[in-house]
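The values are calculated or read from the model by the stated rules, or taken from the named source; none is laboratory data. Every value quoted in this text rests on a predicted model; they were computed, and no experiment measured them. Here the Cβ is made from the backbone with ideal geometry for all residues, glycine too, and neighbour counts use every protein chain on show.
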Amino acid sequence: SAVISQKPSRDICQRGTSLTIQCQVDSQVTMMFWYRQQPGQSLTLIATANQGSEATYESGFVIDKFPISRPNLTFSTLTVSNMSPEDSSIYLCSGSGLAGHGEQFFGPGTRLTVL
Amino acid sequence: GDSVTQMEGPVTLSEEAFLTINCTYTATGYPSLFWYVQYPGEGLQLLLKATKADDKGSNKGFEATYRKETTSFHLEKGSVQVSDSAVYFCALSGSTNAGKSTFGDGTTLTVKP
(Lines give C-alpha, C1' and ligand atoms only; values in the text may rest on other atoms or scores of the structure.)
Protein backbone atom coordinates (compact mmCIF):
# COMPACT_ATOMS: atom_id res chain seq x y z
CA SER A 1 0.00 0.00 0.00
CA ALA A 2 1.01 3.62 -0.39
CA VAL A 3 1.30 6.21 2.33
CA ILE A 4 -0.19 9.53 1.32
CA SER A 5 0.34 12.72 3.27
CA GLN A 6 -1.46 16.03 2.94
CA LYS A 7 -0.79 19.46 4.28
CA PRO A 8 -2.16 21.46 5.81
CA SER A 9 -4.34 19.13 7.86
CA ARG A 10 -6.75 21.96 8.54
CA ASP A 11 -7.07 25.68 7.95
CA ILE A 12 -9.42 28.55 8.58
CA CYS A 13 -9.46 31.10 5.78
CA GLN A 14 -11.10 34.36 4.97
CA ARG A 15 -13.56 34.79 2.14
CA GLY A 16 -11.91 35.79 -1.15
CA THR A 17 -8.53 34.26 -0.38
CA SER A 18 -6.95 31.12 -1.86
CA LEU A 19 -5.48 28.02 -0.25
CA THR A 20 -3.10 25.48 -1.79
CA ILE A 21 -3.21 21.92 -0.49
CA GLN A 22 -0.24 19.63 -1.04
CA CYS A 23 -0.37 15.87 -1.50
CA GLN A 24 2.70 13.64 -1.33
CA VAL A 25 2.80 9.91 -2.06
CA ASP A 26 5.65 7.76 -0.77
CA SER A 27 5.83 5.71 -3.96
CA GLN A 28 4.90 6.13 -7.57
CA VAL A 29 1.23 5.89 -8.47
CA THR A 30 -0.39 5.84 -11.86
CA MET A 31 -3.31 8.08 -11.03
CA MET A 32 -3.99 10.78 -8.47
CA PHE A 33 -7.38 12.20 -7.63
CA TRP A 34 -8.82 15.07 -5.62
CA TYR A 35 -12.13 14.75 -3.82
CA ARG A 36 -14.36 16.95 -1.73
CA GLN A 37 -16.32 15.54 1.18
CA GLN A 38 -18.97 17.55 2.96
CA PRO A 39 -19.43 16.56 6.62
CA GLY A 40 -21.43 13.36 6.90
CA GLN A 41 -21.60 12.89 3.16
CA SER A 42 -19.94 10.84 0.47
CA LEU A 43 -17.02 11.79 -1.73
CA THR A 44 -17.38 14.02 -4.77
CA LEU A 45 -14.61 13.72 -7.34
CA ILE A 46 -13.21 17.11 -8.31
CA ALA A 47 -10.61 16.03 -10.86
CA THR A 48 -7.97 13.57 -11.95
CA ALA A 49 -4.49 15.05 -11.63
CA ASN A 50 -2.42 14.28 -14.72
CA GLN A 51 1.35 14.31 -14.60
CA GLY A 52 2.79 17.18 -16.60
CA SER A 53 -0.50 18.25 -18.15
CA GLU A 54 -3.82 19.83 -17.29
CA ALA A 55 -6.07 17.99 -14.87
CA THR A 56 -9.28 16.35 -16.03
CA TYR A 57 -12.21 17.98 -14.25
CA GLU A 58 -15.58 16.50 -13.39
CA SER A 59 -18.82 18.19 -14.22
CA GLY A 60 -19.37 21.21 -12.00
CA PHE A 61 -15.69 21.86 -11.31
CA VAL A 62 -13.50 24.23 -13.31
CA ILE A 63 -9.81 24.97 -13.51
CA ASP A 64 -10.16 28.62 -12.58
CA LYS A 65 -11.71 27.70 -9.25
CA PHE A 66 -9.66 24.55 -8.52
CA PRO A 67 -6.30 24.73 -10.31
CA ILE A 68 -4.37 21.47 -9.95
CA SER A 69 -0.76 20.64 -10.62
CA ARG A 70 1.07 17.34 -10.77
CA PRO A 71 4.71 17.93 -11.69
CA ASN A 72 5.77 14.31 -11.05
CA LEU A 73 4.38 10.89 -10.17
CA THR A 74 4.40 11.42 -6.41
CA PHE A 75 3.26 15.00 -5.82
CA SER A 76 0.19 17.09 -6.55
CA THR A 77 -1.38 20.33 -5.39
CA LEU A 78 -4.96 21.56 -5.34
CA THR A 79 -5.71 25.26 -4.97
CA VAL A 80 -9.11 26.45 -3.81
CA SER A 81 -9.38 29.93 -5.29
CA ASN A 82 -11.43 32.96 -4.30
CA MET A 83 -12.98 31.03 -1.45
CA SER A 84 -16.48 31.43 -0.12
CA PRO A 85 -18.14 29.74 2.89
CA GLU A 86 -19.63 27.17 0.47
CA ASP A 87 -16.09 25.86 -0.07
CA SER A 88 -15.88 24.77 3.55
CA SER A 89 -15.32 21.03 3.32
CA ILE A 90 -12.80 18.23 3.66
CA TYR A 91 -10.51 17.84 0.66
CA LEU A 92 -9.02 14.41 0.07
CA CYS A 93 -6.18 13.32 -2.16
CA SER A 94 -5.87 9.73 -3.35
CA GLY A 95 -3.62 7.60 -5.51
CA SER A 96 -4.16 4.39 -7.38
CA GLY A 97 -2.48 2.07 -9.80
CA LEU A 98 -0.16 0.23 -7.43
CA ALA A 99 -1.91 -3.13 -7.62
CA GLY A 100 -3.79 -2.70 -10.86
CA HIS A 101 -7.36 -3.33 -9.67
CA GLY A 102 -8.40 0.26 -9.11
CA GLU A 103 -8.13 0.40 -5.35
CA GLN A 104 -7.29 3.82 -4.04
CA PHE A 105 -5.15 4.97 -1.14
CA PHE A 106 -6.22 8.15 0.58
CA GLY A 107 -4.52 10.93 2.40
CA PRO A 108 -5.84 12.02 5.82
CA GLY A 109 -7.66 14.99 4.34
CA THR A 110 -7.54 18.75 4.72
CA ARG A 111 -10.38 20.28 6.72
CA LEU A 112 -11.09 23.75 5.34
CA THR A 113 -13.29 26.34 7.00
CA VAL A 114 -14.02 29.58 5.15
CA LEU A 115 -15.35 32.50 7.18
CA GLY B 1 -23.15 5.20 -15.98
CA ASP B 2 -21.81 3.27 -13.02
CA SER B 3 -23.56 3.58 -9.68
CA VAL B 4 -23.40 2.15 -6.16
CA THR B 5 -26.32 1.98 -3.77
CA GLN B 6 -25.71 1.39 -0.09
CA MET B 7 -27.98 0.57 2.76
CA GLU B 8 -29.03 3.77 4.44
CA GLY B 9 -27.76 4.50 7.89
CA PRO B 10 -27.03 5.20 10.53
CA VAL B 11 -26.71 1.72 11.97
CA THR B 12 -26.41 1.22 15.73
CA LEU B 13 -25.49 -2.16 17.17
CA SER B 14 -24.47 -3.58 20.50
CA GLU B 15 -21.01 -5.07 20.87
CA GLU B 16 -20.77 -8.67 19.56
CA ALA B 17 -23.83 -8.25 17.33
CA PHE B 18 -23.86 -9.42 13.70
CA LEU B 19 -23.37 -6.75 11.06
CA THR B 20 -24.65 -6.58 7.51
CA ILE B 21 -24.39 -3.51 5.33
CA ASN B 22 -26.02 -3.97 1.95
CA CYS B 23 -24.45 -2.76 -1.27
CA THR B 24 -25.67 -3.17 -4.84
CA TYR B 25 -24.13 -1.81 -7.99
CA THR B 26 -24.74 -1.02 -11.63
CA ALA B 27 -21.82 -1.13 -14.02
CA THR B 28 -20.85 -2.09 -17.52
CA GLY B 29 -18.35 -4.85 -17.92
CA TYR B 30 -16.78 -6.54 -14.92
CA PRO B 31 -15.81 -4.04 -12.23
CA SER B 32 -13.69 -4.59 -9.16
CA LEU B 33 -15.54 -4.03 -5.91
CA PHE B 34 -14.29 -2.49 -2.68
CA TRP B 35 -15.23 -1.62 0.85
CA TYR B 36 -13.50 1.36 2.42
CA VAL B 37 -13.68 2.47 6.05
CA GLN B 38 -13.33 6.00 7.37
CA TYR B 39 -12.63 6.53 11.06
CA PRO B 40 -13.44 9.92 12.59
CA GLY B 41 -11.07 12.63 11.42
CA GLU B 42 -9.24 10.38 8.98
CA GLY B 43 -9.16 9.61 5.28
CA LEU B 44 -10.60 6.44 3.77
CA GLN B 45 -8.78 3.13 4.16
CA LEU B 46 -9.24 0.11 1.94
CA LEU B 47 -10.94 -2.58 4.03
CA LEU B 48 -11.32 -5.36 1.48
CA LYS B 49 -11.76 -6.00 -2.20
CA ALA B 50 -12.93 -8.54 -4.77
CA THR B 51 -11.95 -8.44 -8.40
CA LYS B 52 -14.15 -11.07 -10.04
CA ALA B 53 -17.43 -12.88 -9.58
CA ASP B 54 -17.68 -15.22 -6.55
CA ASP B 55 -14.49 -13.81 -5.02
CA LYS B 56 -14.69 -13.25 -1.29
CA GLY B 57 -12.76 -10.36 0.17
CA SER B 58 -11.91 -10.49 3.87
CA ASN B 59 -10.01 -8.45 6.41
CA LYS B 60 -10.19 -7.84 10.18
CA GLY B 61 -13.17 -10.19 10.50
CA PHE B 62 -15.14 -8.44 7.75
CA GLU B 63 -16.20 -10.31 4.63
CA ALA B 64 -17.95 -9.53 1.37
CA THR B 65 -18.68 -11.77 -1.61
CA TYR B 66 -18.89 -10.52 -5.20
CA ARG B 67 -22.30 -11.70 -6.43
CA LYS B 68 -22.64 -11.00 -10.13
CA GLU B 69 -26.09 -12.56 -10.41
CA THR B 70 -27.52 -10.14 -7.85
CA THR B 71 -25.01 -7.32 -8.52
CA SER B 72 -24.29 -7.16 -4.81
CA PHE B 73 -21.32 -6.90 -2.45
CA HIS B 74 -22.75 -6.95 1.06
CA LEU B 75 -20.41 -6.36 3.99
CA GLU B 76 -20.69 -8.71 6.98
CA LYS B 77 -19.01 -9.22 10.31
CA GLY B 78 -19.98 -11.85 12.82
CA SER B 79 -19.20 -9.93 16.00
CA VAL B 80 -18.65 -6.20 15.96
CA GLN B 81 -16.55 -4.26 18.43
CA VAL B 82 -16.74 -0.69 19.64
CA SER B 83 -13.60 0.01 17.61
CA ASP B 84 -15.52 -0.83 14.41
CA SER B 85 -17.52 2.37 14.77
CA ALA B 86 -16.84 4.27 11.53
CA VAL B 87 -18.31 5.16 8.16
CA TYR B 88 -18.23 2.38 5.56
CA PHE B 89 -18.21 3.06 1.82
CA CYS B 90 -18.89 0.57 -0.93
CA ALA B 91 -17.18 1.37 -4.22
CA LEU B 92 -16.46 -0.01 -7.66
CA SER B 93 -13.79 0.54 -10.25
CA GLY B 94 -14.75 -0.42 -13.76
CA SER B 95 -12.80 -0.94 -16.92
CA THR B 96 -14.62 1.85 -18.74
CA ASN B 97 -14.21 4.85 -16.44
CA ALA B 98 -10.57 5.80 -16.84
CA GLY B 99 -9.42 4.35 -13.52
CA LYS B 100 -11.88 6.33 -11.45
CA SER B 101 -13.98 4.81 -8.69
CA THR B 102 -17.65 5.23 -7.98
CA PHE B 103 -18.56 5.45 -4.28
CA GLY B 104 -21.75 4.80 -2.40
CA ASP B 105 -23.12 7.36 0.03
CA GLY B 106 -21.56 5.71 3.05
CA THR B 107 -23.12 4.00 6.06
CA THR B 108 -22.34 5.19 9.57
CA LEU B 109 -21.93 2.38 12.07
CA THR B 110 -21.99 2.98 15.81
CA VAL B 111 -21.25 0.08 18.13
CA LYS B 112 -22.23 0.50 21.76
CA PRO B 113 -20.61 -1.42 24.62
Checklist outcome for this item: Sole miss for A:H101 among (1) surrounded by 17 or more Cβ atoms within 10 Å (Cβ to Cβ); (2) at the interface with another protein chain (Cβ under 8 Å from one of its Cβ atoms) is condition (1)
Checklist entry - Just to be sure, is A:I68 buried (at least 20 other Cβ atoms within 10 Å of the Cβ), away from chain B (no Cβ under 11 Å), among the hydrophobic types (A, V, I, L, M, F, W, C) and under 30 Å from B:G9 (Cβ atoms)? => result no
Checklist entry - So is B:E76 out of contact with any helix residue (DSSP H, G or I) (no Cβ under 9 Å at 6 or more places or on another chain), at pLDDT below 95 and surrounded by fewer than 16 Cβ atoms within 10 Å (Cβ to Cβ) or not? => result no
Checklist entry - Given the conditions (1) more than 21 Å from B:G1 (Cα to Cα); (2) free of Cβ contacts under 8 Å to residues at least 60 places away in the same chain, which single one is not true for B:Q81? => result (2)
Next on the checklist: Any residue at all in the stretch B:20-32 that's surrounded by 15 or more Cβ atoms within 10 Å (Cβ to Cβ), on the phi < 0 side of the Ramachandran plot, touching a strand residue (DSSP E or B) at 6+ places or on another chain (Cβ under 9 Å) and facing chain A (nearest Cβ under 10 Å)?
Outcome noted: yes
Checklist entry - What do you reckon, is B:C90 in contact (Cβ under 8 Å) with a residue 60 or more places away in the chain, within 30 Å of A:C23 (Cα to Cα), in contact with a strand residue (DSSP E or B) (Cβ under 7 Å, 6 or more places away or on another chain) and buried (at least 20 other Cβ atoms within 10 Å of the Cβ)? => result yes
Checklist outcome for this item: Checked the stretch A:10-55 for anything surrounded by 13 or more Cβ atoms within 10 Å (Cβ to Cβ), within 13 Å of chain B (Cβ to nearest Cβ) and among the hydroxyl-bearing types (S, T, Y); matches are A:Y35, A:S42, A:T44, A:T48
